[in-house]
Each structure stands twice: as structure tokens, then as C-alpha cells.
Amino acid sequence: MAGNLLSVEGAYKRFGGVHALAGASLEVSAGEIVGLLGENGAGKSTLVKTLAGLHSLDAGTITLQGRPFSQGNPRSAREQGIAVIYQEPSLFPDLSLAENVFVGRQPTTGGRVDWRGMVSQTQGLFDGLGIDLNPLRPARGLSIADQQMVEIVKALSIDASLIIMDEPSAALSAAEVAQLMTVARRLKDQGRGVVYISHRLDEVTELCDSVTVMRDGATVATAAVAQIDTTQIVRWMVGREITEMFPKFDAEVGDVVLSVKGLTRAGVFHDISFDVRRGEIVALAGLVGAGRSEVVRAIFGIDHHDSGTVSVSGSVLRNGSPSAAMSAGVALVPEDRRLQGLFMPAAISRNIAMTVLARLRSRLLLRGISERRVATDWAGRLQLKYANIEDPVERLSGGNQQKVVLAKWLATDPALLIVDEPTRGIDVGTKAEVHRLLSEQAVRGLAVLMVSSDLPEVLGMADRVLVMREGRLVAEIARADATQESVMTAATISGALA
Ligand SMILES: Nc1ncnc2c1ncn2[C@@H]1O[C@H](COP(=O)(O)OP(=O)(O)OP(=O)(O)O)[C@@H](O)[C@H]1O
Ligand SMILES: [Mg+2]
């Protein structure tokens, strides 16, 4: 049955030479949660942006509640009942939550803003969804998860009939994802339609009623979740079988590359000591907030430490100096790639090659040529999806932007590669590809330190698992003993396995 709420048919959208949408369709019924799936660059966000009024289709029809949807105007899209929640919401930090919910359309009584009405309506909507936030507090300092909740409430305040979430869970902890799912189910119970985009298939099969799978801009399959399994979904997404999710090769373990001794940053992490050797992949596991990212930031010198030492290949690194770390052969692929990893308006080639070429003192012309060569080579190895290597990085899909950051650091041929959540936002096929790459580099003698909240990834890839809890290293678990249980127990229960 065609979706009685939303129906997109035969959607086409081209950007220059890129066919972002090439025969996409999507059906959503009232009271249904549809999972929208597809590899990086498949066209999911382009479809979403069209429904948000940011793009107009070149061809195709969109029907919303039986009426033709008027395209190309964000305000009109909202008025027609579509609300979009993005991975990183953009609230006004200094406005209260109530003001953020009603921004631009505050209720008035007798020509004056009806503050009390605004606050009580916001409170009512919070209560209705079980959200525990004060409408009077400013948005500044809210977690991403809470900011998304405010966006959802905003959608409800305009009585949106269709709520689209574009990778909302990418930066959330497990508990936050659970809350998001609860809220999504309430929206469904209220008879609204929900479109949920995620690269985490387990989330999608748990939450959604049906899935729509896109590949290369076209919709290739739609099915009820109850009638399919993840293997089938993956086959639709990538058009082939993925045989090995975690390709792990035997690497010869060599000399110590990274040695961390007694590393302490007051109030953040305490007395952290461990080594990583050539050929090893060591995972730093723990709950969000355990201090893992903070430790790797200090190792790379982005943050200072108060005491202890970081040595690479035998020499102690200068405290708080990323350039010293880089000269010693350390590369860090940061967690927040948008802010720390990429220069968005610059070319893909420039972004990939800038770190490696900064070292070469070649002439300008030669530089341009080697830049393209290095970039094209790595783009190929990571299966980057792009139109022209000179295009700005901001034009790439989210997952492809992440591949550019990985390429940029792998291109420097480091002795130690630190990766913080290396496959967040990366589709299943490429994820296996990234794992294979890390594994291969380890065989070639690279030392890898990996921070990951993805437990299967940790168990699949790591030779050793170091577990942090509340700023301390509480356990070291060998690959043979690392299980979901042993890692989670160490991460959550004090006194366990210390
Ligand atoms: N404004 C734009 N200009 C040029 N190309 C674009 C633009 N927006 C998207 N594209 C291209 O369209 C294709 C689809 O991108 P889109 O962002 O829709 O993918 P996606 O399915 O959301 O991927 P991801 O899972 O990585 O977020 C990509 O090849 C992308 O580079
Ligand atoms: Mg996207």
C-alpha cells in the first residue's frame, strides 16, 4: 500500500555531474517508523533536504497527506508539516529552551509575547514526551541528545505530521539512543510518521516498522522489518555479500612505539600507563565520558597534561605540542572531524594531501601534481565517492567526509595512528573496508590506538582492550579473553577486574 502520509515517486536530483537522486521513492504512513538506509553518498540526506525545502527535485513527485508538496522553501516545508532533526542541531545558545521552541513565532496576547503561555506549552510538550528539562534554561551547555529533544519538541509545537531524523544517533551514548527511541515510538503512537536514518542496523531493526534501502540515488528495496534480516538489508545496500565484517590479520608484534607513563590531567584522567607496540591494535574502551578521548588528546598534545610522560619510539614528547607529536610520527583522527579534521571549503585533494605535502619542499607546480596523485590514490583505496577531486569537501556526503580525514592521516605514513571512533557515520561496507585497512597497516608495522564505543568493533579488531572508567585505567583484557561481558563489566562495575 502506498504511504498515506508521504509518497515520493521517481525523484531525480543532479548536482553538476553527480546524480544524487536517480529514481528514489519513499512511502511513509501515519503511525509508521521507516528506516532509510544506504551506503555513504546513496542520496539519503539529499532526499531529506528536499523534504526540508532546501532543494527542489529535477523530476519526480512528492505528495503529502494527499496534496502535492510545494518544494524549495524551508518555511513552507515546515508549514506543510515536515520537520527535520539533524545530527547536530542548531539551537540559539543564549535563548531559553522555550524561546528556541517558539523562535520566530512566539505566541502573543494583546500584541505582547505571552511568556507564560510559551513556557507552559513547552513544559507540556516536554512532559508529553517524558523529557526532563527546564524550559527556562538557556540552550548553551545542553548535550547533543538534549538539543535533539528540543528540536523534536519544536516539531511537535508546529504539529508536524512527518518527523525526519538524519543520523540522530551518531554522536549519542547508548542510554541517549534508548531515550531517543522511546520518544520516536511516542511520536508514532500519536499517529505521526517518522523517518529514521542510521548506519547502525541493529537500531533500525529494533525501532523501525519498515525499511527503505537506497543505492546510488535510487530506491532498491522496501520491506517490513519483521520479514527480513540484516544480511538481506546489507545485500541490498551494497549490492553484494560482505563476507568479513572484521578482517583481522596476524601481525608480528614488534618494539614499543607508544609508551604512556603515569599520565595525569587533574580532574580528567589519572595515572594512565600503557604501551602500544608495532603491529598491535590496542583499543581504549569504556563508557562515554570515561576519559578516553581526553587521554588521546593529551597524547597527541592538543591538551596539556599535569604529570607523567608520553614517549614515542623512545623519545619523550613535548607536553602539549601536536607538532612535536606529528614530527615523531603520530597521527590522530579526531572524534569531531567536522571541527578538528577538515577544511570544508577546500578541495578534497588539498584536504587529503595537505599534511603529507607540508613536509615536502617541492616546487608549487610539482606540488599540485603530487597533491592530486596522493589524493586520488587514497580516495581509491577508501572507495571515496566524489565527482571531482578538486571539489570542496563540504559537497561530500557525511560518511565520505570522514573517509577524507582518514585518508589524510594514513597518507602521512605514521608510526602510531590514533583513531577516535574511526567508523562513526560510515556505512557497513566501508566500515569493513576501514577495518581491513587498519589491519593491513598493522601488518606493515603500524601501531594503532583505537578509541571506540562500538563493542563489536573493539572485540573484532583489538589485540588488547584497555578499559577506562571515570578517568582511570581499570582493566587490560587480552584478545582471547575479551568478550562483550568482560569489557562491559570492567567499564561499569567498580572494583571489577582491576
Ligand atoms: N550540494 C551538493 N553539491 C554537489 N554534490 C552534492 C551536494 N549534496 C550532495 N551531493 C552529492 O550527492 C551524493 C549523495 O549525497 P548524500 O549526502 O545525499 O548522501 P547520504 O546518503 O546522506 O550519505 P551519508 O550516509 O554519507 O550521509 C553524494 O555523492 C554527494 O557528494
Ligand atoms: Mg547523509
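Bear in mind these aren't lab numbers, they're just calculated from the coordinates by the rules spelled out. What you are looking at is a predicted structure, and each value in this text was computed from that prediction instead of being measured. Every residue, glycine among them, receives a Cβ derived from its backbone with ideal geometry; neighbour counts consider all protein chains shown.
Could you grab the relative contact order for region 256-492? Cα pairs under 8 Å, six or more apart, rounded to a whole percent.
On the way: 465 pairs, mean separation 69.1, N = 237.
Normalised by residue count, the contact order of region 256-492 is 29 percent.
How long are the semi-axes of the ellipsoid equivalent to the chain, from square roots of 5 times the Cα gyration tensor eigenvalues, in whole Å, largest first? Don't skip to the answer; put the middle values down first.
Working: eigenvalues 316, 153, 103 Å².
So the three semi-axes of the chain are 40, 28, 23 Å.
Listed highest first by mean packing, meaning other Cβ atoms within 10 Å per residue, what order do 186-192, 24-30 come in?
Working: 186-192: 16.3, 24-30: 22.0.
Descending mean neighbour count gives 24-30, 186-192.
Listed here are the pairs 44/431; 49/403; 13/408; 13/403; 13/154; 44/403; which of them are more than 27 Å apart at the Cα?
Numbers: 44/431 18 Å; 49/403 22 Å; 13/408 30 Å; 13/403 24 Å; 13/154 29 Å; 44/403 18 Å.
Result: 13/408; 13/154 exceed 27 Å.
Once the piece of chain linking residue 319 and residue 388 is laid out straight, how much longer is it, given 0.36 nm per residue of separation minus the C-alpha distance between them? List each step's numbers first, then the result.
On the way: separation 69, 0.36 × 69 = 24.84 nm, distance 4.00 nm.
Stretched fully, the residue 319-residue 388 segment lengthens by 20.8 nm.
With an 8 Å cut-off on Cα pairs and a minimum separation of 6 or more residues, tell me the relative contact order of the chain in percent.
On the way: 1037 pairs, mean separation 79.6, N = 498.
For the chain, the relative contact order is 16 percent.
How tilted is helix 364-381 with respect to the longest principal axis of the chain? Cα atoms for both, answer in degrees (0 to 90, nearest 10).
On a 0 to 90 degree scale, this one is about 70.
Give me the angle, in degrees from 0 to 90, between the Cα long axis of helix 398-410 and the longest principal axis of the Cα atoms of the chain, rounded to the nearest 10.
10 degrees
Using alpha carbons only, how many degrees (0 to 90, rounded to 10) separate the axis of helix 348-357 from the longest principal axis of the chain?
20 degrees
Counting only C-alpha contacts under 8 Å and six or more residues apart, can you give the relative contact order of region 204-304 as a whole percent? Present the calculation step by step, with values, prior to reporting the outcome.
On the way: 103 pairs, mean separation 15.5, N = 101.
Normalised by residue count, the contact order of region 204-304 is 15 percent.
Pull up the cross-link candidates among the aspartates and glutamates for residue 261, meaning alpha carbon to alpha carbon under 19 Å and not fewer than 8 places away within one chain.
Those aspartates and glutamates meeting the cut-off are 271, 275, 280, 294, 303, 306, 470, 476.
What residues of region 253-274 lie in the reach of a label at residue 311, counting those whose backbone N is under 17 Å from a point 7 Å from the Cα along Cα→Cβ?
Counting backbone N atoms under 17 Å from the label point, the list is 254-264, 272-274.
Find how much the distance from residue 113 to residue 227 grows on full extension, using 0.36 nm per residue of separation minus their present alpha carbon separation; answer in nm with one decimal. Don't skip to the end; give the middle numbers.
Working: separation 114, 0.36 × 114 = 41.04 nm, distance 5.11 nm.
Working it through step by step, the gained length comes to 35.9 nm.
Find how much the distance from residue 255 to residue 182 grows on full extension, using 0.36 nm per residue of separation minus their present alpha carbon separation; answer in nm with one decimal. Let's see the in-between values first.
On the way: separation 73, 0.36 × 73 = 26.28 nm, distance 4.87 nm.
Additional length available on full extension: 21.4 nm.
With a cut-off of at most 13 other beta carbons within 10 Å, and DSSP calling the residue loop, which GluC sites (Glu not before Pro) in region 187-283 qualify? Please list them.
241, 244, 252
Does region 131-283 come out rounded, prolate or oblate by the C-alpha gyration tensor, with a ≥ b ≥ c the root eigenvalues, rounded set by a/c under 1.5 and, if not, prolate when a/b is larger than b/c and oblate if not? Don't skip to the end; give the middle numbers.
Numbers: a/c = 3.43, a/b = 1.29, b/c = 2.66.
Oblate, because a/c is 1.5 or more while a/b does not exceed b/c.
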